[in-house]
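Participant: Before anything else, here's the structure in question.
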Amino acid sequence: MSKKTYFITGGGTGGHIYPAIAVADELVNDGQNIYYVGNPKNLEFDIITQKGYNFLPVNVHGMPRKLGVSLIIWGFQLLFAVIKSLFYILKYKPDAIFGTGGYVSAPAMIAAKILGKPYMMHDCDAQPGLVTRKLAPYACAVSAAFESANKFIKNKNFYVNGNPIRPQFKTLTREEARNALGLSDKLTICIMGGSQGARTINDASVFLIKKLSKEYDVQIIFQTGKKNFARVIEQILRTYPDYETDKNLIIKPYFDDMVTVLKASDIAVSRAGSLSLSEIEAAGLASVLIPYPHAAADHQRKNAKYMVEKGASLYLEDSETDEKHLGEILEDLINNPNKLHDLQECALKLAKYDGVQKIVEQLKSIC
């Protein structure tokens, strides 16, 4: 098989970055040549350069939602990013381009359309974003994480692949994961708000961990987010000063290995970003989803509602998230093992473990 060159593009948020990286990794493992087109000011730059992959910078950010000078400036910025992407394509001659939607992928996708280069898109949300909706009709193939995305996409080559996730979700056992974290074999709750954390979830949870541990003997893995860690610890010390001696608790600002964390758990309290949901499904967890209320196009609420409709999750509005409401939901799950099991089974039925392999097969087929 001849070695081909691919451009991979996507960035800004984990939902755009990690699926793109999973595809890049799979292509590199298969002996293909890749270049990653992204914003050097975003998280994707750090991850890609650490991996040693070729990084091609484009300076672009999200489109302002209101008319004004900022929108005009953004238009020129996008134009320059497209021109730069045209130069990259002419210089490095990729055989195909793969983008994960969002503003970072737009310049390379537009440049591909202008030059007639084949490109494929993947969108991670139940309702695809603006970039995907506008550029999907011209793509050679479109992949989606959610079946519900189909009604927003105009492309005959539409595939529901799920999000590309790490293979360890399929191979790592719950026992192995708990042993790796030094936990016992008992009910475990993971509380997380993404890499940045979620203040609403954190504020409700700090008042619950003592009760959940002492009254129910439940283990808790609590990812606070890097920015919020000091604040969370300060709050916990007021209500539970000897928390550090509690073997049921693991509290960290961030976990590099979320596969082990999720596979060790039974219940997740989480935001409703698409990648988080794919990983919750793959780990077979019951979940309490608290969508970020200010997400673009309200996509987190739509993602969460989809999970609830499938019987895989419980739902709580951010504005209603406090010690009382979150506590009642968690206690109900702890006290109702059949309900807990049903949610877990429904989550597992939604899991797609081979998303990255399918996407790479489809991507290779367009060039």
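Participant: For segment 151-251, which helices (runs of 4 or more DSSP H) that fit wholly inside it have 1 or more residues that are loosely packed, with under 14 Cβ neighbours inside 10 Å?
Facilitator: 168-171, 174-181, 209-216, 229-239
Participant: Further question: For residue 272, are the conditions met, namely being within 25 Å of residue 325 (Cβ to Cβ), touching a helix residue (DSSP H, G or I) at 6+ places or on another chain (Cβ under 8 Å) and at pLDDT below 95?
Facilitator: Yes; evaluated as a whole, the condition is true for this residue.
Participant: Here are 67, 71, 90, 79: which of them is outside any strand (DSSP E or B), of a type in the set (A, V, I, L, M), in contact with a Lys or Arg (Cβ under 9 Å, 6 or more places away or on another chain) and surrounded by fewer than 16 Cβ atoms within 10 Å (Cβ to Cβ)?
Facilitator: When all the criteria are applied, what remains is 71.
Participant: Among the residues of segment 1-14, is any of a type in the set (A, V, I, L, M, F, W, C) and part of a loop (DSSP other than H, G, I, E, B)?
Facilitator: Yes, segment 1-14 has at least one match.
Participant: Collect the residues in segment 64-103 that are modelled with pLDDT of 95 or more, farther than 17 Å from residue 142 by Cα and β-branched (Val, Ile, Thr), keeping them in residue-number order.
Facilitator: Across segment 64-103, the qualifying residues are 82, 83, 89.
Participant: When you scan segment 107-142, how many residues do you find that are of a type in the set (A, V, I, L, M) and either at pLDDT below 95 or part of a loop (DSSP other than H, G, I, E, B) (or both)?
Facilitator: The number of residues fulfilling the criteria is 4.
Participant: Looking only at segment 334-358, filter to residues that are part of a helix (DSSP H, G or I) and basic (Lys, Arg); which one of those is modelled with the highest pLDDT?
Facilitator: Among those that are part of a helix (DSSP H, G or I) and basic (Lys, Arg), it is 339.
Participant: Further, regarding this structure: Pairs, please: C-beta under 8 Å, at least 6 apart or cross-chain, first residue at positive phi and of a type outside the set (Asp, Glu) and in segment 330-354, second surrounded by 14 or more Cβ atoms within 10 Å (Cβ to Cβ) and part of a helix (DSSP H, G or I)?
Facilitator: From residues that are at positive phi and of a type outside the set (Asp, Glu), there are no pairs.
Participant: Next question, about the same structure. Mind checking whether some residue in segment 78-96 is acidic (Asp, Glu) and touching a residue at least 24 places away in the same chain (Cβ under 8 Å)?
Facilitator: yes
The values are calculated or read from the model by the stated rules, or taken from the named source; none is laboratory data. What you are looking at is a predicted structure, and each value in this text was computed from that prediction instead of being measured. Note that we place each Cβ from the backbone using ideal geometry, even for glycine, and neighbour counts take in every protein chain shown.
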